[in-house]
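J.: Got a structure here, written out as C-alpha cells. Questions coming.
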Amino acid sequence: MNEFMFFINNVLVAGSVSGSIYAIGAVGVTLVFSIMRFAHFAHADMMTFGAFMVLALTTAFPAAGAGFGMPTAVVMLPVAMALTALLAVGIDKAFYKPLRAHGVKPIVLVIGSLGVTLMLQGVIRLFAGTGGQNLYVDDRKEIFRMVLPLEGVRVPVVITEPQLYLFVLTLVSVVALHLFLNRSRLGKAMRAMSDNPELAQASGINTNTIVAVTWVIVGSLAAIAGTLLSLDVTFKPDLSFFLLLPIFAAAIVGGVGHPYGAIAGGFVVGFAETLAVFNWNVLLRPYRDSFPDWLELPSNLAFVGTEYKIVVPFFILVAILIWRPTGIFKGKVI
Amino acid sequence: MNTPTASPNEIAAPRRFPLREVVLFAILLVAVLGVYALMGAAYSTRMLVEAACYAILALGLTIQWGYAGQFNAGVMGFVALGGFCAMFFSIPVNDAFWNTELPGELGRVLLYVVGAVLAVVGASKLDRLGVPKKLRSVLTVILAVVLYMVVISALRGVTGEIESRAGFIGGLGLPAWVGWIVGGALAGGVGYFIGHVCLGLRSDYLAIATLGIAEIIKAFLKNSDWLTRGTATVSPLPWPTPGPAELGFTLSRALYLSVTALIIAVIFFLLHRAYHAPWGRMIRAIRDNEISSAAMGKDINRRRLEIFVLGCILMGIGGGVMTTFNSLFDPQGYLPLNHTFLVLVMVILGGPGNNLGTIFGAVAVYIIWIMSEPLALFLMQLVVNLGEGVFGWDFPANMESRALQARVLVIGLLITLVLRFAPKGLLPEKIKHHG
Amino acid sequence: MPLLEARDVHGGYGGMNILNGINMTLEADEVGVIVGPNGAGKSTMLKAIFGLLLVNQGEILLRGEPIHNLPPNKLVQKGMGFVPQENNIFPSMTVKENLEMGAFLKPNSVKPMLKQVYEAFPPLYDKRHQRAGELSGGQRQMVAMGRALMAEPSVLLLDEPTAGLSPLYMNEIFARIREINAIGVGILMVEQNAKQALAIADKGFVLAAGQNRFTDTGASLLANPDVAKSFLGG
C-alpha cells in the first residue's frame, strides 16, 4: 500500500498539478486561436509576466496577505491578472492589430508573437534578473501530509498549499469561463465570432471589442497559471518557455479553438508526463516474489527520465497530428 | 476587411542597375572595415567567419520561409545536430572505449532496437492475417511498450557502463567535412520526419513541432553523456584547415573563412540555378497561389517537403561548420535566441526569398549583434548612473548580466518592427511575372 | 420617400467594377427580387448595399440618408438586415443563441423578438436548444432569416434564400418572406429560382452585365415575353 501512496503522490497529485497548469494555459492559447486564428507563441511569457507582477507586488507589500489569512502572492493575484490583461490588450494594439490590418497570413502573426515573446523575456530578465526567486516572500509555504487511515500505510499523501490554491482556482476559472461563454452576451458573441466572423460582423458585433475581451480573458488566465506554477516551484524568467510545447500539445489534443477540449487536453498531457516519468518498478516491487526466476526487472522502469520529460508532449503532439489532426474533440481549424 | 495588399515596394520593377544592392553592400563593407580598424584583424576575422556560418543557416531558413512560406521555429535543433556530427566525426578515436567489449554491447543493443522496431511494425500488420483491428491495435501497443522497456533498460545499462569505464565513446577521427555532410544529412532526415508529419496542416503546426524537436535534440545531446560528454563539453575540435597553432590566429581564421565562403558560393550558385529552373518556378507558384497550383495538378505537399528538407540540410551543414570553428561542442551553448531567433531576424531583415539579401542580412545583423554587447553595457551603465544621480533609484548589483538581456528585447522588437514596416526586408525578393 | 434607393451604383472588388450603374427603388411594403444570369452582379449588388464592397460611384440611400460604404455593423444599427447565401448561421451555437446574436445591439428587445421569430418560424421553437449546425438546410435558412429579423430591421436583404432547397421548402420560405413583409419589413432578395420568386414579388429587377435590363412589377416581368425568353428559360 505504501507503494500505492507513492504512486498517488508522484502521478495523481503531480499530474493534476501540471495538468491544471497546462489546462489553463491551453485554454488561453485556444481562445486566441479561435478568435484571431493564429498560434500565440507569447502566451507562455504572458504567464511569466503575470507571475512576475505578483513577485513585484509581493516584494513591495510583503505583509498584505496577513490580513486575509492567505499568502500575499495569492492576495496580489487579482491585481496581477488585471495588469497582465492590460499588457495583453496593449500588445495586441501595438503589434498584432497592425499586422492584422495589413491582411497578413496567420504565420506572420505567429512570427510576430515570437518577437513579442523575446521582448517579454527581455523585459522580465531586465528587471527580475535571470535567477530563480521564491514567491513566498514573507509567508511560509504550508505542506499538508495526510496519512490515509488504512492498515499498514505509513507514507502520507503530500499536498502543498499552492497546489490546493491551484486546484481551487482551476475549478473556479473553468466554471467562470463556462458561465461567461454560455450565459453572458459578450461570451456568446465571442463564440459567434469564433464560429463565423463575417456573420458576427453582419449581426452588428464589434470585432474590436471581442478581440479586446479575448485578450483580457487570455491575459488573466495566463497570470493565474503563471503565478500558481511559480508558487508551486519557484519563479524563473525562463520558466514558461518550456511550457510552450505541452500547452500547444494540450490545445491541439483537445481540438484547437475548443476551450473544453483544451482543458481535457491539458490533463491528458499532464498525466501522460507524470505517468511516463514514473518508475513503475515501485509498483511492481511488492510482487517481486511471484515473478518467474528468469525475469529480472531492472531497477529503473520509467519510460523516460525526467530530463526527457519534454519528449512526452512532443510524442503526443506528433501522434495526434498523424492520426487525428482535429484533436479528440474535433477542433475547428487544422 | 481585406485591404488590397499591393503596395509600391511589392511590385519590384525589373531594374537595369542593382543600385540598392550595391549601396547596401557598400555600407556593409564600410562597417566591416570599421570593425577591423577598431577591434583588430584576428577578432574581426573571427566575426566574419561566424557571420558566414550564420549566412549558411540563414540561407536554409530563407528557402523555407521565403520560397515556400514554411516557418521553422527550431533552427537551433538542426544546428545542434550538425554540430554533434562535426564533433563526432572529427575528434580522435577513444581507445578506452573501442578496446573493451563495450562497442559490441552497444552494437547488440542497437540490434535489439532494430529487432524491436521490426516486431512492432509486424504486429501492426497483423490485421492482414485476419486478426481483428481492435485486437491488433491493443497487441501492437502492448508489444511496443514491453519491447520499449526492454530496449531502453538494455541501453541504460550499456550507456552507464560506457560512462563509468570509458567516459564517452569518442569520435571517429575523420576530417571535419565528413561530419558536416553527415550532419546535413541527419538534419535533413529529422526535417523529413517533421515535415512529413505536418504536411498539409496549417503552417502554425510546423512552427510548434519544430520548436519542440529543437528542444528535444538539445535535451538528448545534453543528457547523453556517453555520446557527447553532455555538460562536460568536448574540445578542441580539429579544423579541416591548418589551425591557429600553425598559422597564427588571423591567417588560420582567414583560411577557414575562405572555406566557408566557398561553401556559401556553392550553395548560392546551386540555389540560384534551382530558383530559376522549373522547380523553383513551381515552388513560387505554390507559395503565391496554393489553390490554383493544386488545380494545375502540382504535387504541392511533395514540393513543400523537398524545400523543408533542403532548408534543414543547409542548417545542419551550417551548424557543423560553426561548431568546428568554435572548436567546442557544448550542447548547452545552443540557444533559441542565438541560433533560431537571430537567424530569423537575419532572414526577415535581409529579404526572405532573396539569397543575396539573406547573406546581407546575416552579416549585417551579426555585426550589430556582436557590437551590441559592449554598447548594451555602456547604455546600461548610463541608465544606472542617471537613475542613481537624478532619481535616486537603487539598482541591483548584477546590472551587467541584465544589460545583456536588453539584447533579447531588441531582437524581439526588431522582429515585430520589420514585420510591420518592411515585411519584404531590405532587399525584397524580385517577383518575376511569368510570361 | 422610398425605403431603399440605389442611384447609378458602380462598384466591385480591387479596382475591377462589376456593377456598372444600377438603379433601384424599394418601398417599405414591397418585396423586391433581383434576377439575372450568372455574373450579372446580383449578389454583388446586395453586398454593395450592405457595405461589404466598395461603391466608387453613385449612391445608396436608406430613407433618403446616404449609406454607401458604411461598415456592416453601422448598417445593422440603421435597420438593415442581411442574410448571406452561405455560412449564414453560427453552427456550434444553439438556435436560440443564433437568434440572440441577431439582436446583439438591442439586448432589451431579445425576449419580445424571440417570441415573434418563433411565431414566424414555429419549427425553430421546437429546436431552440439544438445546435444550428445539426439542422436541415431549410431549417438553417429559417435560423438565418430569424437571426436577421431579431434586429428589427426595416429592410432585409436575402442572398438566394432558397438555394439548394427542395421545392416544398422553397414555397415555405417564400410564404414566410411574404409574411415578414406583411409585418412591415421591406425585402430585397437575389434569386436563382426566378419564376417562383417573381411570382411573389411586388417588384423585379432583371440585371445583366452589371446594369438594369428590365425593372417592373413581378407580374408584368413574368408576362413580358422578352424577359421570359432571355432570362427565365423560355
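J.: Could you pull out every residue, at least 5 positions away or on a different chain, whose amide H is within less than 5 Å of the one on residue C:33? Hs are placed 1.01 Å off N in the peptide plane, and Pro or chain starts have none.
T.: Amide H to amide H, under 5 Å and 5 or more residues apart or across chains, residue C:33 pairs with C:189, C:203, C:204, C:205.
J.: With a Förster radius of 30 Å, plug the Cβ-Cβ distance of residue A:206 and residue C:86 into 1/(1 + (r/R0)^6) and report the FRET value to the nearest 0.05.
T.: After rounding to 0.05, the efficiency reads 0.80.
J.: In Å³ and rounded to a whole number, note down the convex hull volume per residue for the Cα atoms of the range C:4-231.
T.: Measuring per residue, one finds 112 Å³ for the Cα hull of the range C:4-231.
J.: Nearest 10 degrees, 0 to 90: what angle lies between the long axis of helix C:110-120 and the longest principal axis of chain C (Cα atoms)?
T.: 70 degrees
J.: Let me have the 222 nm mean residue ellipticity of chain A computed from DSSP H runs of 4+ only, each contributing -39500 (n - 2.57), with the sum over all residues rounded to the nearest 500.
T.: Taken over chain A, the calculation gives -20500 deg cm²/dmol.
J.: Right, next: In whole percent, what relative contact order does the range A:2-242 give with Cα contacts below 8 Å and a gap of six or more residues?
T.: Over the range A:2-242, the number comes to 39 percent.
J.: Size of chain B along its principal axes in angstrom, Cα-based, largest extent first?
T.: 69, 58, 51
J.: At a Förster distance of 60 Å, what's the computed FRET efficiency of residue B:21 paired with residue B:124, Cβ-Cβ distance as r, to 0.05?
T.: So the FRET efficiency works out to roughly 0.65.
J.: Another one. Can you return the lysines within cross-link range of residue C:78? Criterion is Cα-Cα under 22 Å, with same-chain partners fewer than 8 residues away left out.
T.: C:47, C:106, C:111
J.: Now for a separate question. How much accessible area does residue B:222 have with a 1.4 Å probe, in Å² rounded to the nearest 10?
T.: The accessible area comes out at roughly 70 Å².
J.: Let me ask something else. Suppose all protein chains stay in the model; what accessible area per residue would a 1.4 Å probe give for the range B:95-167, in Å²?
T.: Result: 62 Å² of accessible area for each residue.
J.: Compute a Gaussian network model of chain A, connecting alpha carbons closer than 10 Å, and tell me which residue from A:238, A:139, A:293 fluctuates the most.
T.: It is A:293.
J.: Something else about it: What number, rounded to the nearest 500 deg cm²/dmol, is the helix-based mean residue ellipticity at 222 nm of chain B, given -39500 (n - 2.57) per DSSP H run of at least four residues and division by all its residues?
T.: So the helix-based figure for chain B works out to -24000 deg cm²/dmol.
J.: Also, quick follow-up: Provide a list, ordered by number, of residues in the range A:267-316 showing at least 50 Å² less accessible area with every protein chain present than when their chain is taken on its own, using a 1.4 Å probe.
T.: A:303, A:308, A:310, A:314
J.: On the accessible surface of the range A:2-242, probed at 1.4 Å, how many percent belong to carbon and sulfur atoms?
T.: Heavy-atom surface of the range A:2-242 belonging to carbon and sulfur, 1.4 Å probe: 68 percent.
J.: Residue C:203: which lysines have alpha carbons under 18 Å from its alpha carbon, excluding same-chain residues fewer than 8 sequence positions away?
T.: Hits, sequence-local ones excluded: C:42, C:195.
J.: Name the aspartates and glutamates eligible as straight-distance cross-link partners of residue B:424: C-alpha to C-alpha under 19 Å, and not fewer than 8 places from it in the same chain.
T.: B:10, B:21, B:288
J.: Give, ordered by residue number, each residue of the range A:171-220 whose 1.4 Å probe accessible area is reduced by a minimum of 30 Å² on adding the remaining protein chains to the chain alone.
T.: A:185, A:188, A:191, A:192, A:195, A:196, A:199, A:201, A:202, A:203, A:204, A:205
J.: Same structure again: With every protein chain kept in the model, how would you rank C:27, A:273 by accessible area, 1.4 Å probe, largest at the top?
T.: Heavy-atom accessible area, descending, gives C:27, A:273.
J.: Points 7 angstrom from Cα along the Cβ direction at residue B:108 and residue A:138: gap in nanometres?
T.: With each label point 7 Å from Cα toward Cβ, the separation is 6.4 nm.
J.: Further question: For the pair residue A:1 and residue A:94, what calculated FRET efficiency results from E = 1/(1 + (r/R0)^6), where r is the Cβ-Cβ distance and R0 = 60 Å, to the nearest 0.05?
T.: Between residue A:94 and residue A:1 the formula returns 0.60.
J.: Also, quick follow-up: Given C-alpha coordinates of chain A, what is the ratio Rg to Rh with the Kirkwood estimate of Rh?
T.: Here Rg/Rh amounts to 1.01.
J.: Can you list the GluC sites (Glu not before Pro) in the range A:132-203 that are in a DSSP coil and have 14 or fewer other beta carbons within 10 angstrom?
T.: In loop regions of the range A:132-203 (DSSP not H, G, I, E or B), the sparsely surrounded GluC sites (Glu not before Pro) are A:142, A:151.
J.: If you don't mind, there's one more thing I want to ask. With angles folded into 0 to 90 degrees, how steeply does helix A:43-60 sit against the dominant principal axis of chain A? Use alpha carbons for both and round to 10.
T.: 80 degrees
J.: For the residue pair residue B:139 and residue B:235, what label-to-label distance in nm results when each label sits 7 Å from Cα along the Cα-to-beta-carbon direction?
T.: Those two pseudo-labels are separated by 5.5 nm.
J.: Moving on. Given a 1.4 Å probe and the protein chains all in place, what does the accessible area of residue B:198 round to, in Å² to the nearest 10?
T.: Surface open to solvent at residue B:198 totals about 10 Å².
J.: Assuming 0.36 nm per residue, please report the length gained on full extension of the stretch residue A:146 to residue A:164 beyond their Cα-Cα distance.
T.: 5.1 nm
J.: Going by alpha carbons, how many degrees (0 to 90, nearest 10) lie between the helix axis of A:185-195 and the longest principal axis of chain A?
T.: 90 degrees
J.: Let me ask you something else. What number in nm² do you get for the range B:95-167 if you take the convex hull of its Cα atoms and divide its surface by four?
T.: Computed as one quarter of the Cα hull surface, the answer is 4.9 nm².
J.: I would also like to ask the following. Measure off, as a whole percent, the carbon and sulfur share of the 1.4 Å-probe accessible area of chain B, all protein chains present.
T.: For chain B, the apolar C and S fraction of the accessible surface comes to 69 percent.
J.: Taking only complete DSSP H runs, can you tell me which helices of chain B stretch 18 Å or more along their own long axis by Cα positions and average at least 0.5 on the Kyte-Doolittle scale?
T.: Once both thresholds are applied, what remains is B:19-39, B:41-62, B:75-90, B:102-124, B:133-166, B:176-198, B:203-223, B:249-276, B:300-326, B:355-386, B:399-421.
J.: Let me ask something else. Taking every DSSP beta bridge with both residues inside the protein assembly as shown, roughly what % is antiparallel (nearest 5)?
T.: That works out to approximately 65 percent antiparallel.
J.: So, one more: Below 8 Å between Cα atoms, with a sequence gap of 6+, how large is the relative contact order for chain C in percent?
T.: With pairs under 8 Å counted, the relative contact order is 27 percent.
J.: Follow-up. Rolling a 1.4 angstrom probe over the protein chains, ignoring ligands and nucleic acids, what is the accessible area of residue B:65 in square angstrom, nearest 10?
T.: Surface open to solvent at residue B:65 totals about 30 Å².
J.: Measure off 7 Å from each Cα along the Cα-to-Cβ vector at residue C:129 and residue B:250, then give the distance between these two points in nanometres to one decimal.
T.: Taking the simple label geometry, residue C:129 and residue B:250 are separated by 8.6 nm.
J.: Taking N as the number of residues in the protein assembly as shown, what value does Rg over Cα atoms divided by 2.2 N^0.38 Å take?
T.: So the Cα radius of gyration is 1.08 times the expected 2.2 N^0.38 Å.
J.: Using a 1.4 angstrom probe on the protein heavy atoms only, could you order C:13, C:169, A:96, A:308 from most to least accessible area?
T.: Per-residue accessible area, sorted high to low, gives C:13, C:169, A:308, A:96.
J.: Select from A:241, A:267, A:68 the residue whose mean-square fluctuation is largest in a Gaussian network model of chain A (Cα-Cα springs shorter than 10 Å).
T.: Looking only at A:241, A:267, A:68, the biggest GNM fluctuation is shown by A:68.
J.: If Lys and Arg each add +1 and Asp and Glu each add -1, what is the summed charge of the other residues whose beta carbon sits under 12 Å from the beta carbon of residue C:65?
T.: Once positives and negatives cancel, what remains is +1.
J.: Something else: Could you identify which residue out of B:377, B:38, B:135 has the top mean-square fluctuation in a GNM of chain B using Cα springs shorter than 10 Å?
T.: B:135
The values are calculated or read from the model by the stated rules, or taken from the named source; none is laboratory data. Here the structure is a predicted model, which means the values were calculated and not measured. FYI the Cβ positions are ideal-geometry reconstructions off the backbone, even for glycines, and counts take in every protein chain you see. Just the protein is used for accessible areas: all its heavy atoms, side chains included, with ligands, DNA and RNA removed. Shrake-Rupley method; radii C 1.70, N 1.55, O 1.52, S 1.80 Å.
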